[in-house]
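Since every read-out is calculated from the coordinates, none of them should be taken as a lab result. Quantities reported herein were computed from a predicted structural model and do not represent experimental measurements. Using ideal geometry, Cβ is built from the backbone for each residue, glycine included, and neighbour counts are taken over all protein chains shown.
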Amino acid sequence: MSSKDSRTDQALPRNVRVLGLASLLNDIASEMIFPLLPGFLLTLTAGNKFALGLIEGLADSVASLLKLWSGHWSDRAGSRKGFVVFGYSFAALLRPWIGVVGSMWQLAAIRVGDRIGKGIRTSPRDALIADSCDPSVRGRAFGFHRAMDHLGAAIGPLLATLFLWLFPGQLRTLFLLSLIPGLMVVALVAVGLRETPKPAADAKPTTKGSDRLTLAPFDNNFRLFLLALTIFSLGNSSDAFLLLRAEELGVPKVLLPVLWCLFHILKSFSNLWFGRAVDRFGARRFILAGWFVYSIVYLGFALAVNSWQVWGIFLSYALFYGLTEPAEKTLVAVLAGPARKGLAFGWFNFAIGISTLPASLLFGALYQTYGPFSAFGTGAALALIASVLLSFVRVPAVPAD
């Protein structure tokens, strides 16, 4: 067995396992609530669809800006754990208060606060995962983390369904109970995480512009990757539109949660499998494969005419996540080099997050005005354009941090 093979078979580091379990528990807590929020919002004074879009758009925009800031400052502080613990704690303690809100502005404040916690923790957490493991197992590490995240997203709605079956109409009580897994997350990361030694370049950055929120520390390959990612993200609308399309094609409303749960389970398993493969064959080819799958799936949604087709297309869409999620984060770590990983993940998360609102607005406008083929076809076309740009990114040999 080669030395590389022996490294890729090693146990994942403690920090990776702790953060994977934390993501599972956190997504159980958040996904107990999130699928029920739209209907709950409509019961509040002045609650309507426009208010829902405004709240979610504002929350995601705030999170995107904070992901860039927190990644940068975790580099400057020489510490990641504090950002991760604070981010999880802030969200865990604030989220259950949805159970006692009585007005739209209160719900908006809590949702924005929840996303503030996410924004503060995400980039330092990704950088900590990259810092904690050998470069030869980063794909498997990120795949494991995303797999746990998706598994939590599948378990949360199931627990919520079971609770509401046993206690019909007790939405507010369910929201308050999300505090339990949230506190488990806080205890886990506070006790279980360990800081990792930072490269000397992280402690004393000498690259021009490395002390500011700038792309100056990174070369053209990283910048081209961000451009490709931004173009792809502009065509990657909210998955809520896929559920809408599924319902239009005849999938019964009662089966939509089942479809959503299966989707998350397949995303979890595909991340585990493809994450390991990324370490063996390189990240860029998996991103290209994933974006190609995305194009095919979106064309499939545009052309589908029967409900049975939706199940196959929707579940195939899970492969896109498995192919791209561990590969994209692995590529960020490689292109960033041994230093400035926090800032690099900040820009990565910012590029995706800042595109979320315009992507969904564009998709919704095209869907409403011209129909599904125009909307889904545009998403597929942008994915192919992004793939062309990504093919010009030159990936250096994996460095030994």
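Figures for the structure shown
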read-out: Footprinting exposure proxy for TRP308, TRP97 (fewest neighbouring C-beta atoms within 10 Å first); value: TRP308, TRP97
read-out: Residue-span extension gain [ALA240 to THR173] - 0.36 nm each, minus C-alpha spacing; value: 21.6 nm
read-out: Spin-label model distance (nm) - ILE296 vs SER374, 7 Å beyond Cα toward Cβ; value: 2.8 nm
read-out: Rough spin-label spacing in nm, given labels placed 7 Å along Cα→Cβ, for THR214 and ALA51; value: 4.5 nm
read-out: The range 302-376 and the range 125-168: distance between their alpha carbon centers, rounded to Å; value: 18 Å
read-out: Nearest-20 debye value, the chain charge dipole, Cβ charges on Lys, Arg, Asp, Glu; value: 740 debye
read-out: 18 Å reach of a label modelled at GLU247, 7 Å along Cα-to-Cβ, counting backbone N of the range 309-334; value: 310-311, 314
read-out: Burial ranking of peptide ranges 354-360, 28-34 (average Cβ count within 10 Å, highest at the top); value: 28-34, 354-360
read-out: Proximal lysine pairs, the chain, alpha carbons under 13 Å, eight or more residues apart or interchain; value: 5
read-out: Loop trypsin sites (Lys or Arg not before Pro), the range 235-281 (other Cβ atoms within 10 Å of the site Cβ: 12 or fewer; DSSP); value: none
read-out: Furthest towards positive pole of dipole, VAL191, ALA63, ALA327, structure part the chain, Cβ charges; value: VAL191
read-out: Kyte-Doolittle mean at least 1.0 and Cα axial length at least 15 Å: DSSP H helices in the chain; value: 81-94, 179-192, 220-234, 283-303, 372-390
read-out: Calculated P(r) of the chain - Cα pairs past 31 Å, %; value: 36 percent
read-out: Dipole in debye (nearest 20) - the range 248-309, about Cα centre, beta carbon charges: Lys, Arg +1; Asp, Glu -1; value: 260 debye
read-out: Percentage relative contact order, the chain, counting C-alpha pairs under 8 Å, at least six apart; value: 27 percent
